[in-house]
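> Below is a structure I'd like to ask you about.
The values are calculated or read from the model by the stated rules, or taken from the named source; none is laboratory data. Quick caveat, the model's predicted, so the values are computed rather than measured. Neighbour counts run over all protein chains shown; Cβ positions are idealised from the backbone, glycine included. Note: accessible area is taken over every heavy atom of the protein model, side chains too, but ligands, DNA and RNA are not part of it. Shrake-Rupley method; radii C 1.70, N 1.55, O 1.52, S 1.80 Å.
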Amino acid sequence: MTNILLTGGAGYIGSHTYVALVSAGYRPIILDDYSNSHPGVIARLEDITGQPVAHVRGSVLDVAMVSALIEQHAVQAVLHFAGFKAVGESVAEPLKYFDNNITGTVRLMQAMERAGCRALVFSSSATVYGDPAAVPITEAFPLAHTSPYGYSKIACEHIIAAMLAAKPDWHASVLRYFNPVGAHPSGLIGESPQGVPNNLMPYVAQVATGKRAHLNVWGADYPTPDGTGLRDYIHVMDLAEGHVAALDALLQTGRSFTVNLGTGAGHSVLEVVRAFSLACGHAVPYKICERRPGDIAQCYADATLALQLLGWRAQRTLADMCADTWRWQSRNPDGYHEAAIA
Ligand code: NAD
Ligand code: UDP
């Protein structure tokens, strides 16, 4: 059995990747400080996998604790999800983001170096492309930041690249996610944002349950087919399986790589609204509003490299993403903050 440490493993993407790793025969261990997640996810993961979940409460900033954890479990690789991700909050509190995201990554790498574990899978983001000059976006596009959050991801990518150049015994897989949405088909785990969701799919889901009155569509005058923003929505279970493929490649070949994880297709805000209405069986009310400051018109991946390098491609459709989001949202309207599902 290969032991893998999942920092931020109680969060949205980490918890789904936990399930995919167990299915693939890995033994994942979760490290999370629950700063943006709920410990209730652990029991749900036990329900899905039928096995006890190894989990530790703590921060990646704690080098001594993390290196001891890696040694104790003979961890072979670390999947580093832990970090803050709210773009707006990063503009209000940049240092909070630099500390947790950049210092957090450096401290984690210190702990790995100390414990002799030198294989890292890093959660990067399509935000590192800034406002791209064209679509689809290949990995060769120039990097640019439009927020302190985006800067933190570029900084981590540079730190990892410099480490790989200096230390040939290190290996890393940098995964640039496009727009992860959806939930595990069991309806037991999903995205559980605190407060008002910033992202489209969780907002639409809360409108569909009646928790919010209508969706504000931020702009219908973009140079896109229906005027609304176009994004590459990727089912979180496809993304989770992409991590397994990346980890397999990293451990088998020892070669480092940076790759987009997206579907290669863009969907507009109104397409998402229509697909969600079909999934939930009723209309999702919306109002067209002004553009959201800082938004870009379109962003979708060239997903060719992931297929070439990892033999991975996204399988699930927008209808699947909406159906699985709806199952999770309708059964858990308050996320993990409510007791068990009915
Ligand atoms: P999330 O907030 O649901 O999960 C992150 C987890 O990390 C949370 O459980 C949080 O409690 C934990 N955490 C934060 N700081 C920590 C620390 N110092 N020590 C230990 N645990 C800590 O977010 P997510 O959507 O699952 O995202 C995971 C990663 O993927 C993040 O790095 C994020 O920036 C990146 N990413 C996310 C998206 C997206 O749209 N969700 C897109 C691109 C990249
Ligand atoms: N969006 C919207 N209303 C919302 C949230 C998002 O119209 O309440 C739009 C947004 O303008 C963008 C798309 O939905 O065109 C995806 O936004 P999200 O924040 O989910 O992802 P990002 O813009 O960070 O890629």
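> Determine the sum of side-chain charges near Thr209: Lys and Arg each +1, Asp and Glu each -1, restricted to other residues whose C-beta is under 11 angstrom from that of Thr209.
Local net charge: +2.
> Which value in nm describes the separation of the simple spin-label points at His282 and Asp295, placed 7 Å from the Cα toward the beta carbon?
2.5
> On to the next question. For the chain, place one equal point scatterer on every Cα, skip the solvent, and apply the Debye formula. What is log10 of I(q)/I(0) at q = 0.10, 0.13 Å⁻¹?
-0.56, -0.99
> What is the sum of charges around Gly11, taking Lys and Arg as +1, Asp and Glu as -1, for the other residues whose C-beta is under 10 Å from the C-beta of Gly11?
For residues surrounding Gly11, the net value is -1.
> Right, here's the next one. Give the carbon-plus-sulfur fraction of the accessible surface of the chain in %, rounded to a whole number; probe 1.4 Å, heavy atoms of protein chains only.
C and S atoms contribute 53 percent here.
> Further question: Rounded, prolate or oblate for region 183-237? Axes are the square roots of the Cα gyration tensor eigenvalues, ordered a ≥ b ≥ c, and the cut-off for rounded is a/c under 1.5.
Because a/c hits 1.5 or more and a/b fails to exceed b/c, region 183-237 counts as oblate.
> Let me ask you something else. Mind checking the dipole of region 164-316: about its Cα centre, +1 per Lys or Arg Cβ, -1 per Asp or Glu Cβ, Debye to the nearest 20?
Values: 12 positive and 12 negative charges, 48 e Å.
Approximately 240 debye in magnitude.
> Further question on the same structure: Starting from the Cα-Cα distance between Ala213 and Asp131, subtract it from 0.36 nm times their residue separation and give me the gain in nm to one decimal.
26.4 nm
> With a ≥ b ≥ c taken as the square roots of the eigenvalues of the C-alpha gyration tensor of region 21-73, please select rounded if a/c is under 1.5 and otherwise prolate if a/b is larger than b/c or oblate if it is not?
Note, shape of region 21-73 comes out oblate.
> What 222 nm value per residue comes from the helices of the chain, counting each DSSP H run with n ≥ 4 as -39,500 (n - 2.57) and dividing by all residues, nearest 500 deg cm²/dmol?
-12000 deg cm²/dmol
> While we're looking at this one, here's another question. Could you give the dipole magnitude of region 277-342 about its Cα centre, charging the beta-carbon of Lys and Arg +1 and that of Asp and Glu -1, in debye to the nearest 20?
100
> Would you tally the net charge around His184, using a Cβ to Cβ cut-off of less than 15 Å, leaving His184 out, and scoring K and R as +1, D and E as -1? Let's see the in-between values first.
On the way: positive: Arg44, Arg316, Arg327, Arg331; negative: Glu46, Asp47, Glu191, Asp238, Glu241, Asp320, Asp324.
So the surrounding residues net to -3.
> Keeping all protein chains in position, work out how much accessible area Trp326 exposes to a 1.4 Å probe, and write it in Å² to the nearest 10.
50
> How many nm separate the modelled label positions at Leu307 and Thr253, each set 7 Å beyond the Cα in the direction of the Cβ?
The answer from the label model is 1.7 nm.
> With a ≥ b ≥ c the root eigenvalues of the C-alpha gyration tensor of region 1-112, is it rounded (a/c under 1.5), prolate (a/b larger than b/c) or oblate? Provide the component values of the computation, followed by the final result.
Working: a/c = 2.25, a/b = 1.37, b/c = 1.64.
Verdict is oblate for region 1-112.
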